[in-house]
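Engineer: My questions all concern the structure below.
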Ligand SMILES: NC(=O)c1ccc[n+]([C@@H]2O[C@H](COP(=O)([O-])OP(=O)(O)OC[C@H]3O[C@@H](n4cnc5c(N)ncnc54)[C@H](O)[C@@H]3O)[C@@H](O)[C@H]2O)c1
């Protein structure tokens, strides 16, 4: 007998992923976390499989995982590839090799993994939910004023991945709508984290918050709530949406 699970999360061991898992666990959901690292507290409803989304043979690996686990009704991706890959990826400095690599390891993998779950849902008449993670920078350009007085640089690679995800969501929603499958993305603004050195930079904090009507950064809890909503019946008529959660950053 296969292990039943309600939801698969890719990148669940990270800042946002952990919070999504905690929220779904509090609703008694059975969760499978696919990540390259496992740092979450043990819980009888939480399962872990080591999985590298950037590997070449992701479909074979997924097939072997789902010989043990049931396919889920909800798939969430909140992965973030190796951040060192994003160094020197500004509009002016990006090289073809670097861009190809990032698009392959992050955007292409996200599309292929999402399609894996979408086609299973379609074939098995599961009216499921696929929820991907984009960013405000999948919707608007990076505002260089935010980086004034800091060493932070823009990353065209990041914005291309994120706008690609937002567009994939719309096209997949159109394609899979007739099967009752919803496909959406969440577009967070900056999420406060003491582990992120940007949040130790006074200029970055001041510059960024000057653009946010709610005058604070998001917490991972603020962001996780959106996945609970999109992954539930409360969002039954919502598909193809890039749900912005940014305290109003993108309004002006
Ligand atoms: N944190 C923010 O301020 C913010 C803002 C906007 C959008 N986002 C988006 O939210 C998502 C999650 O961000 P986060 O801050 O939680 O990131 P994070 O770095 O804390 O977590 C990312 C997770 O992905 C996992 N991961 C890395 N490479 C992997 C691979 N090859 N295969 C499988 N798993 C892998 C990591 O182990 C980690 O658990 C990202 O897509 C990010 O772009 C974050």
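Every read-out reported here was derived from the displayed coordinates using simple, explicitly stated rules and does not represent laboratory data. Treat the numbers as computed from the prediction; the structure is a model and nothing was measured. Methodologically, a virtual Cβ is constructed for each residue, glycine included, from the backbone with ideal geometry; neighbour enumeration extends over all protein chains shown.
Engineer: What's the FRET efficiency of residue 112 with residue 3 using the Cβ-Cβ distance as r and R₀ = 22 Å, to the nearest 0.05?
Structural biologist: Calculated transfer efficiency: 0.40.
Engineer: Give me 197, 67 sorted ascending by neighbouring Cβ count inside 10 Å, so fewest comes first.
Structural biologist: 67, 197
Engineer: Then there is this: In segment 71-108, whose amide N lies under 17 Å from the spot 7 Å out along Cα-to-Cβ of residue 65? List them in ranges.
Structural biologist: Correct set: 71-82, 105-108.
Engineer: Relative to the compact-globule scaling 2.2 N^0.38 Å, provide the ratio for the alpha-carbon radius of gyration of the chain.
Structural biologist: 1.00
Engineer: So what is the calculated 222 nm ellipticity per residue for the chain, using -39500 (n - 2.57) for each DSSP H run with n of 4 or more, over all residues, to the nearest 500 deg cm²/dmol?
Structural biologist: -10000 deg cm²/dmol, from helical runs alone.
Engineer: Run the quick spin-label model on residue 148 and residue 57: label points 7 Å from Cα toward the beta carbon, then report their separation in nm to one decimal.
Structural biologist: Distance between the two pseudo-spin positions: 5.3 nm.
Engineer: Measure nothing fancy, just the Cα-based angle from helix 15-26's long axis to the longest principal axis of the chain, in degrees from 0 to 90, nearest 10.
Structural biologist: Its long axis makes an angle of about 40 degrees.
Engineer: Where is the GNM fluctuation largest for the chain (alpha-carbon springs, 10 angstrom cutoff): 118, 160, 230?
Structural biologist: Residue with maximal mean-square fluctuation among 118, 160, 230: 160.
Engineer: Put a dot 7 Å past each Cα toward the Cβ at residue 100 and residue 84; how far apart are the dots in nm?
Structural biologist: Using points 7 Å along Cα→Cβ, the separation is 2.2 nm.
Engineer: From Cα pairs below 8 angstrom and at least 6 apart in sequence, can you work out the relative contact order of the chain, rounded to a whole percent?
Structural biologist: The normalised contact order for the chain reaches 20 percent.
Engineer: State, as an integer percentage, the relative contact order of segment 72-196 based on alpha-carbon contacts under 8 Å between residues 6 or more apart.
Structural biologist: It comes to 34 percent, rounded to a whole number.
Engineer: Could you tell me the center-to-center distance, by alpha carbons, between segment 197-234 and segment 72-91 in angstrom?
Structural biologist: 17
Engineer: Cα axis of helix 220-230 to longest principal axis of the chain: angle in degrees, 0 to 90, nearest 10?
Structural biologist: So the inclination is approximately 40 degrees.
Engineer: May I pose another question? Equivalent ellipsoid semi-axes for segment 19-135, as square roots of 5 times the alpha carbon gyration tensor eigenvalues: give them largest first, rounded to whole Å.
Structural biologist: After scaling each eigenvalue by five and taking roots: 28, 17, 14 Å.
Engineer: Relative to the present Cα-Cα distance, how much length would full extension add between residue 92 and residue 27 at 0.36 nm per residue of separation?
Structural biologist: 18.8 nm
Engineer: Name the most mobile residue of 105, 83, 73, meaning the one with the largest mean-square fluctuation, in a Gaussian network model of the chain with Cα contacts below 10 Å.
Structural biologist: 83
Engineer: Measuring from label point to label point, each 7 Å out along Cα→Cβ, what is the residue 45 to residue 197 span in nm?
Structural biologist: Taking the two extended label points, one gets 3.9 nm.
Engineer: What's the angle, to the nearest 10 degrees (0 to 90), between helix 109-123's Cα axis and the longest principal axis of the chain?
Structural biologist: Helix 109-123 and the main axis of the chain meet at about 30 degrees.
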